[in-house]
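Trainee: Here it is: the structure, laid out below.
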Amino acid sequence: QVQLVESGGGLVQAGGSLRLSCAASGSIFSFNAMGWYRQAPGKQRELVAVFASGDNTNYPDSVKGRFTISRDNAKNTVYLQMNSLKPEDTAVYYCHARRNAYVYWGRGTQVTVSS
């Protein structure tokens, strides 16, 4: 059973930065895709950043240029560097991974950006 454990969330002022980490219980090489989603209160879960195929990355326009996904294969960890944070970035951030037909989620970490 794959486990994904997020860390690094917290409270930050607008314009600040946070780095989230997602540690996987096994090799991240085995995943077809791995990345981050977020869900704000009353809203649907949305993609934030993902390694979609190999080293290819994908970001929605709302975070492009501010967020960067990276990974450390030796540590089986994926990171999300978030800069220039805005109040609208406030959400629970979930780590996500897919291996063929199987999808895995972490429990999430809260990010709160104050104005």
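Trainee: Relative to the present Cα-Cα distance, how much length would full extension add between ASN83 and VAL103 at 0.36 nm per residue of separation?
Mentor: Length gained, ASN83 through VAL103: 4.4 nm.
Trainee: Okay, next question. Kindly write out, for segment 97-106 in residue order, the coupling ³J(HN,Hα) from the Karplus curve 6.51 cos²θ - 1.76 cosθ + 1.60 (θ = phi - 60°), rounded to whole Hz, with x marking Gly and Pro.
Mentor: 9, 10, 10, 6, 8, 9, 10, 10, 10, x
Trainee: Something else: In whole Hz and in residue order, list the ³J(HN,Hα) couplings for segment 21-29 that follow from phi through the Karplus curve 6.51 cos²θ - 1.76 cosθ + 1.60, θ = phi - 60°; x for Gly and Pro.
Mentor: Computed from phi, the couplings for segment 21-29 are 10, 10, 9, 9, 6, x, 5, 7, 4 Hz.
Trainee: When ligands, DNA and RNA are left out and all protein chains stay put, how many square angstrom of accessible area per residue does segment 15-115 have with a 1.4 Å probe?
Mentor: I get 53 Å² per residue for this part.
Trainee: What's the magnitude of the charge dipole for the chain around its Cα centre, counting Lys and Arg as +1 and Asp and Glu as -1 at the beta-carbon? Answer in Debye, nearest 20.
Mentor: Here the chain has a charge dipole of around 120 debye.
Trainee: Which sequence of ARG19, ARG99, ARG66, ARG107 reflects their accessible areas, 1.4 Å probe, from the largest down?
Mentor: From most accessible down to least: ARG107, ARG19, ARG99, ARG66.
Trainee: Something else: Is the chain rounded, prolate or oblate when judged by the Cα gyration tensor, a ≥ b ≥ c being the square roots of its eigenvalues, rounded requiring a/c under 1.5 and prolate requiring a/b larger than b/c?
Mentor: prolate
Trainee: Also, quick follow-up: Per residue of segment 43-49, what does 6.51 cos²θ - 1.76 cosθ + 1.60 with θ = phi - 60° give for ³J(HN,Hα)? Whole Hz please, x for Gly and Pro, Karplus curve as stated.
Mentor: 10, 6, 5, 10, 5, 10, 6
Trainee: I would also like to ask the following. Please list, in chain and number order, the residues 5+ apart from ASN58 or on another chain whose amide H is under 5 Å from its amide H, with Hs placed from the backbone.
Mentor: VAL50, ALA52
Trainee: Here's another thing I want to ask about it. Please get the size of the charge dipole for segment 1-67, origin at its Cα centre, with Cβ charges of +1 on Lys and Arg and -1 on Asp and Glu, quoted in debye to the nearest 20.
Mentor: Its charge dipole is roughly 180 debye.
Trainee: Please list the non-local residues whose amide H lies under 5 Å from the amide H of GLY16, H modeled 1.01 Å from N, same-chain partners needing a gap of 5 or more.
Mentor: LEU85
Trainee: Calculate what fraction, in whole %, of the accessible area of the chain sits on carbon and sulfur atoms when a 1.4 Å probe is rolled over the protein chains.
Mentor: C and S fraction of accessible area: 45 percent.
Trainee: Tell me, what is the percent relative contact order of the chain, built from C-alpha pairs under 8 Å that lie six or more residues apart?
Mentor: Computed over the chain, the figure is 37 percent.
The values are calculated or read from the model by the stated rules, or taken from the named source; none is laboratory data. No experiment lies behind these values; they were computed from the predicted model shown. Cβ atoms come from the backbone with ideal geometry, glycine included; neighbour counts cover every protein chain shown. Protein only, heavy atoms only, side chains kept; ligands, DNA and RNA dropped before computing areas. Shrake-Rupley method; radii C 1.70, N 1.55, O 1.52, S 1.80 Å.
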